[in-house]
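I have placed the structure first, in the form of structure tokens, so that the comments after it can refer back to it.
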Amino acid sequence: MWTFQRETRQREAPGAAADRVRAKYASFRELLALNNESLELMAGLQDDLQYAPPRREVLNGRVVTIFQRIGSVVAALERLTGVSQQALAAAVQEQQQEIENYKATLETLQPPIWAWLAELNADSEREAGSKAAVLGEIRNRLRLPVPDGFVLTTEAYSQYCGMPLWREIRDVTRDLDPNDLASLRRVSESLTQRVMELALPRSLEDAITRGAGTLLRNGGALAVRSSARGEGGARSYAGQFLSILNVPVKQAVDAYRRVIAARFTERALSYRLSTGLPEVDSPLAALFVRMIPARAAGILYTRDPGDPKSKHLWITATRGLGIGIASGSTPADLFVVSRSKPYRVLERNVIHKETELVLDSGGAGLASAPLPREAQDAPSLLDVHLRVLADWGLRLEEHFRAPQDVEWVLDSNGALWIVQSRPLVHAEAGRGKARSRPKGEPRVAGGRTVYPGQTSGAAFLVDEIQHIGETPAGAVVFIRKPSPEIVQVFPRIAGLVSEWGNLAGHAAALLREFKIPSVFQMAGAFERLVNGEPVSLDAVQARVYPGILWPARRTELAVLERYRERAGDPISARLLTLNLLDPAAMNFRPAGCRSGHDVLRYCHERAIEAMFAVNDRELERSAASARRLATSLPLNLSVIDLGGGLAAADPQGREVTPEEIISRPFRALWKGISHSQVTWRREMRGSIRDWASVLANSFTPTAGGMRPLGEKSYLLVADEYMNLNSRLAYHYSLIDACLSDIPGNNYISFRFEGGGAAHSRRSLRACFVERCLVHYGFFVDRRHDLVNAWFRKAPADQTGERLDILGRLMACSNQLDMYMDTREVMNWFADQFIQENYAFRPRTS
């Protein structure tokens with residue numbers, strides 16, 4: 001059998017093995033390019049889905065294109081490894097089919113554009129907005145009095161302006177700084193005007209006219225109010241939108257347009273931008289209810305807003321309409337009422353009132369009318385009304401399982417009506433309310449927003465990524481570079497800042513998925529901040545301020561809620577979501593690829609491993625096309641050009657100088673290898689015991705096929721790629737690296753093993769290598785004398801700097817194992833390397 005293999009190898013044409021290595025490299029480069037193209041397409045789709053729902057106009061064939069690219073990545077991996085990837089291909093086909101079925105279902109759905117309040121309940125929030133859904137719940141399940149009405153749904157908003165304008169909204173708001181008041185005003189005016197200029201679809205106009213005519217067939221007027229999705233939940237939207245009162249039938253259509261256009265006022269835009277609220281999560285429904293001529297109106301708090309454990313409730317009231325009570329512009333009586341029957345009035349604060357706000361007798365709008373003298377100092381409500389409101393308030397609190405903020409109206413006939421109810425915001429919850437324009441200068445600024453939002457917490461500086469697991473709860477984390485592994489701390493951090501990072505990469509996708517306020521490419525934090533210092537991150541404007549300005553982000557509960565929000569969305573679950581986080585985990589295999597993003601991550605990792613593992617047999621068989629590296633350094637390197645790696649003066653020559661190797665990663669590595677301060681020979685004194693250890697090991701068969709000093713090593717080079725497979729001084733080193741202008745392509749993989757000294761000393765030298773690499777931001781896995789390290793997806797300058805450091809480390813670690821007799825000695829050498837004392841000479845005072 002051995003003879004047959006030998007004869008086959010002899011018959012092989014010269015250079016055939018080198019051609020196979022070149023073919024592997026070509027497949028590798030193709031895979032990297034397709035991977036980055038896929039990630040860019042996915043990032044664009046994910047970004048657009050923050051502005052519009054997954055309609056045909058938004059998807060526009062992009063899902064098919066992305067899956068085609070992912071399929072090509074799988075095919076490239078198969079060519080690179082020579083191993084069938086049928087399981088991956090089947091997973092991609094299954095993922096695409098599920099999304100195509102989902103898209104087909106969406107196209108057949110016809111969401112309603114309007115509905116009567118009598119048809120709504122709390123489960124209608126997505127279509128009708130929170131205000132209308134809650135009123136439907138109160139009317140239809142609690143059977144409390146609510147004015148008759150109907151709602152134009154969020155689907156109506158989508159048809160009117162959400163879909164026609166989504167690209168314009170995206171383009172003008174994506175990078176809008178709410179601190180830039182001039183730009184904010186300009187964008188607000190432009191979008192408001194665009195909405196008002198749009199033709200209202202005939203179906204919406206008919207729905208408004210028909211509904212308004214039915215409501216007002218016996219006369220009267222309408223109140224047209226906003227009903228935002230999510231209003232009164234985690235975000236209050238307080239004061240952000242428009243309500244128009246006393247609207248006659250003939251003005252109902254125009255009132256609807258004005259209410260929708262008010263979604264783009266300066267304050268509403270600033271609110272959404274400052275809180276990081278995606279456009280797609282905040283479509284606006286509009287509520288049309290019969291206008292109630294008010295004798296009195298006000299607000300009921302089922303708890304003291306300053307004390308959530310209080311045993312009494314507050315009722316504010318004024319004569320006439322009460323639209324100015326919440327803002328404080330209208331004076332109001334205050335009644336403090338017991339929460340237990342018979343609902344005794346514990347405190348009365350009746351103010352002097354000279355006017356009241358009433359419906360304009362002209363048929364539209366509101367007017368101020370003088371109060372009779374006898375009513376100016378009289379309470380706005382009788383005790384009987386206070387008791388009814390107290391009873392209703394407690395029923396609402398019990399039903400919604402939270403203290404309530406309830407708007408009510410007393411009509412001219414003495415009947416009470418509920419016109420709004422939402423969770424009560426207590427002082428504790430609002431104490432750290434986000435401000436879009438904090439005073440003072442930021443401590444650090446600049447960079448690109450990954451996911452917007454404002455949050456505060458203690459700064460936690462992670463200089464070495466291995467310490468990411470030590471992150472305390474509620475911290476704002478600062479790291480040098482991101483990686484998917486940081487997901488382990490997502491449930492407990494407030495925000496994240498990285499000195500650099502790829503906005504289309506895996507880590508950025510995870511941060512968006514978990515909705516963590518985050519910024520990439522922000523420099524200076526490690527020089528200007530102190531560990532544990534309280535800071536506030538404004539990820540919208542990419543700034544870090546000293547002190548606590550905003551509430552901390554909710555932690556683990558919020559993560560669970562986000563997963564529930566994504567239930568039933570295959571585009572997220574089967575394409576965009578990244579589940580494969582740890583290449584060492586049991587699920588990091590084809591069967592664990594639950595999404596297209598997972599497939600890309602798996603293929604990328606396996607491709608790097610395949611190039612990293614170019615084996616000795618292939619290299620030995622490529623020797624005929626190799627050239628010897630001409631250098632005075634103790635390196636016996638055979639150079640193989642994979643394409644674009646050499647610019648040799650003599651194309652037929654058997655030698656090549658380092659200057660003739662133009663491969664970008666090799667140039668960066670050689671800069672360190674040939675650094676003027678490093679030496680490949682140890683000038684330090686070693687003991688007889690040290691040398692005896694080396695000699696003893698030199699007569700021992702080497703493990704893993706390692707060869708002794710002087711054995712030939714191989715260097716594969718291309719324009720943006722290198723693979724160095726070397727045996728130096730009884731140890732084995734392998735460097736596989738890409739260096740390009742595309743951060744997603746860049747990586748360094750490094751392996752170091754063995755040595756000439758005893759095992760304990762080799763292990764200590766491995767500890768030395770580990771400490772140095774960790775200091776410079778590598779991920780390191782060390783086991784005894786074996787070191788595996790990675791540095792990935794960094795900009796070209798950062799990757800080049802790390803290759804330079806790696807070259808210095810290769811030289812400085814040469815023969816160093818014979819000096820490593822204690823951990824203290826090892827730490828001293830590591831400290832000297834980090835301090836750039838590459839000759840390891842004791843410093844004189």
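The values are calculated or read from the model by the stated rules, or taken from the named source; none is laboratory data. A quick note: this is a predicted structure, and the numbers were derived from the prediction, not measured. No Cβ is skipped: glycine too gets one built from the backbone with ideal geometry, and neighbour counts run over all protein chains shown. Keep in mind that these areas ignore ligands, DNA and RNA; they rest on the heavy atoms of the full protein, side chains included. Shrake-Rupley method; radii C 1.70, N 1.55, O 1.52, S 1.80 Å.
For residue 199 and residue 373, calculate 0.36 nm times their separation in residues minus their Cα-Cα distance, and state this gained length in nm to one decimal.
My answer for the length gained is 57.7 nm.
Just how much of residue 790 is accessible, in Å², when a 1.4 Å probe is used and the result is rounded to the nearest 10?
Taking all protein chains as shown, residue 790 has close to 80 Å².
Under a Cβ-Cβ cut-off of 12 Å, what is the net charge of the residues other than residue 33 that fall near it, where Lys and Arg count +1 and Asp and Glu count -1?
For residues surrounding residue 33, the net value is -2.
Mind checking which aspartates and glutamates have their Cα closer than 13 Å to the Cα of residue 250? Skip sequence neighbours fewer than 8 apart in that chain.
Within the straight-line cut-off, residue 250 pairs with 205, 206.
Checking the table 671/793; 311/353; 481/515; 309/341 against a 23 Å threshold on Cα-Cα, which pairs fail?
311/353
Students sometimes get this wrong: rank 114, 828 by accessible area, probe 1.4 Å, all chains present, largest first.
I get 828, 114, largest accessible area first.
Under a no-solvent Debye model with one identical scatterer per Cα of segment 62-116, what's log10 I(q)/I(0) at q = 0.19, 0.25 Å⁻¹?
These q points yield log10 I(q)/I(0) values of -0.71, -0.95.
Report Rg/Rh for segment 762-845, rounded to two decimals, where Rg is the Cα radius of gyration and Rh the Kirkwood radius.
We get a ratio of 0.98 for segment 762-845.
Express in whole angstrom the spacing between the alpha-carbon centres of segment 163-234 and segment 460-474.
After rounding, the separation between the Cα centres reads 44 Å.
Considering the dipole of segment 91-131 built from charges on the beta carbon (Lys and Arg +1, Asp and Glu -1) around the Cα centre, which of 92, 130, 106 is farthest to its positive end?
Looking along the dipole axis, the top candidate is 130.
Take 631, 455 and sort them by solvent-accessible surface of the protein heavy atoms, 1.4 Å probe, largest at the top.
Per-residue accessible area, sorted high to low, gives 631, 455.
Does segment 750-798 classify as rounded, prolate or oblate by the C-alpha gyration tensor (a ≥ b ≥ c root eigenvalues; a/c under 1.5 gives rounded; else a/b over b/c gives prolate, otherwise oblate)?
Here segment 750-798 falls in the prolate category.
Which value does Rg/Rh take for segment 711-825 over its C-alpha atoms, Rh per Kirkwood?
0.99
Just the accessible area for residue 392, please: 1.4 Å probe, Å², rounded to the nearest 10?
30 Å²
To check my understanding: the extent here is largest minus smallest coordinate of the Cα atoms along each principal axis. What are those three numbers for segment 85-126, in Å, largest first?
Sorted largest first, the three principal extents are 56, 20, 9 Å.
Residue by residue, what Karplus-based ³J(HN,Hα) values in Hz, rounded to whole numbers, does segment 528-540 have, using 6.51, -1.76 and 1.60 with θ = phi - 60° and x for Gly and Pro?
So the Karplus estimates, Gly and Pro as x, are 10, 10, 10, 4, x, 5, x, 9, 10, 9, 9, 6, 6 Hz.
Which net charge results when you count Lys and Arg as +1 and Asp and Glu as -1 among the other residues whose beta-carbon is under 13 Å from that of residue 798?
For residues surrounding residue 798, the net value is 0.
Using modelled backbone amide H atoms (1.01 Å from N, in-plane), which distant-in-sequence or interchain residues come within less than 5 Å of residue 646's amide H?
Excluding prolines and chain starts, which carry no amide H, the hits are 662.
Express in Å², to the nearest 10, the accessible area of residue 654 obtained by rolling a 1.4 Å probe over the protein heavy atoms while all chains stay in place.
Solvent-accessible area, nearest 10 Å²: 130 Å².
Could you give me the ³J(HN,Hα) list for segment 370-376, computed from phi with Karplus coefficients 6.51, -1.76, 1.60 and θ = phi - 60°, whole Hz, x at Gly and Pro?
The phi angles translate into x, 8, x, 4, 5, 9, 5 Hz.
Grab the other residues whose beta carbon is less than 10 angstrom from that of residue 762, score K and R as +1, D and E as -1, and report the net.
-1
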